[in-house]
Structure formats: structure tokens, C-alpha cells
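Below: one structure, written as C-alpha cells.
The values are calculated or read from the model by the stated rules, or taken from the named source; none is laboratory data. As the structure is a computational prediction, the values presented were derived from the model and not from experiment. Glycine also receives a Cβ, built like all others from the backbone with ideal geometry; neighbour counts cover every protein chain displayed. Remember, those area values only see protein heavy atoms, side chains included, never the ligands or the DNA or RNA. Shrake-Rupley method; radii C 1.70, N 1.55, O 1.52, S 1.80 Å.
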Amino acid sequence: MIDKSKREDGTFSREDFTFDKARDLYICPAGKALTTTGTVSTDHAVRYIAPVPVCRACPLKPKCCPNMPARRVLRDVNEDARDVARTLAKTEAFEQSCRDRKRVEMLFAHLKRILRLGRLRLRGPRGAQDEFTLAAIAQNLRRLAKLAARAPPTPVACVA
């Protein structure tokens, strides 16, 4: 999951606001509540809005919502699942999984682009298996040749 909730302009991002699931509201960094009507919009999000008089009197308004009368925070209806994904994305096991997946994906990309296996030419499951096996053998032989090849010996000058 690609998370683009961080802000680049120096104002508070959504992660600076705390979600209270029991009361169904967000708490801003100043401790004020952002409430919702509970209506799900067409973009599958619920809007949490702070009262305008509260935002206007807040000392953190320049860092929170300098160009708006009050702060709004959007919460997707599937935000609980996104929170789980964000939590998992910060683990070492996830990083290892990304590294492993990249190695495999690079091999498939090489098969498709360099060995031109973007489309199988043989028909049926056995034909596809045979063609893919031959391509994998060719790929492994290329890798083996790179590993086994030695550099030519360099001539050593005689010092006398």
C-alpha cells in the first residue's frame, strides 16, 4: 500500500490526529474534537470536521489549517485494514519479503524482456510448462556462465 498522507508544506498531517474509535471522532494536536455526521461520500470516505469557532481561536491554526476556516480529516471506510497494512509495513519481515519478491520479479522481468517470453507460443498446459522450463534453463545457464567465468590472466612484468 502506498501511503501519501504525509504533508510537505509543514502543516499537520492526518497521522498527527488521533482517532478515537469508541466515540467515532478525531482528536487534533490541540486536544479538540473533529466530529462527523457519519455520511459516507461518493469517494468512500467519511469527513471529520472541527467547529469553525474552535479552529479560529486555536493557537495551532497556522500549522493546522492556514488556508481553511476549519480542519477536515478524511477517513476511508476501509481505514482499519489500511492501519493494519501500515503497521505490517514497518516490520523487518515485510522488508525481507520485499527483497525476496524483488529478486523473483526481476527474474520474471528478464524472462519477459530479454528472453522474449512475454507471450507463450506453445499451446496447452504442457506446452506452456515445457516452454517456460526451457526459458528458465536458458536463464540459469546464463547466470551460471557469469558465475563460473574467470577473468583472463593478467601478464606479470618481470622485475629485474
Checklist entry - If you put +1 on each Lys and Arg Cβ and -1 on each Asp and Glu Cβ, how big is the dipole of the chain around its Cα centre, in Debye rounded to 20? => result 680
Item to check | For Arg71, residues with placed amide H under 5 Å, excluding near neighbours | outcome: Ala50
Item to check | Value at 222 nm in deg cm²/dmol, rounded to 500, when DSSP H runs of n ≥ 4 in the chain each add -39,500 (n - 2.57) | outcome: -13500 deg cm²/dmol
Checklist outcome for this item: Taking placed amide H atoms and a strict 5 Å upper bound, the residues 5 or more places from Asp76 or on another chain that come that close are Val46
Item to check | For the chain: span of alpha carbons on each principal axis (Å, largest first) | outcome: 85, 66, 27
Checklist outcome for this item: Checking rank on 116-122, 152-158, with mean other Cβ inside 10 Å and highest first, the result is 116-122, 152-158
Item to check | Length-normalised contact order for the chain - Cα pairs under 8 Å, 6+ apart - percent | outcome: 12
Next on the checklist: With a 10 Å cut-off between alpha carbons and a GNM built on the chain, which of Glu131, Glu79, Glu105 moves the most?
Outcome noted: Glu131
Item to check | Probe 1.4 Å, all protein chains present, accessible-area order of Val52, Val77, largest first | outcome: Val77, Val52
Checklist entry - Given the pairs Lys90/Lys146; Lys6/Lys146; Lys61/Lys102; Lys21/Lys90; Lys6/Lys112, which are separated by over 32 angstrom at their Cα positions? => result Lys90/Lys146; Lys6/Lys146; Lys61/Lys102; Lys6/Lys112
Checklist entry - If you line up the long axis of helix 92-113 against the longest principal axis of the chain, both from Cα atoms, how many degrees apart are they, to the nearest 10? => result 50
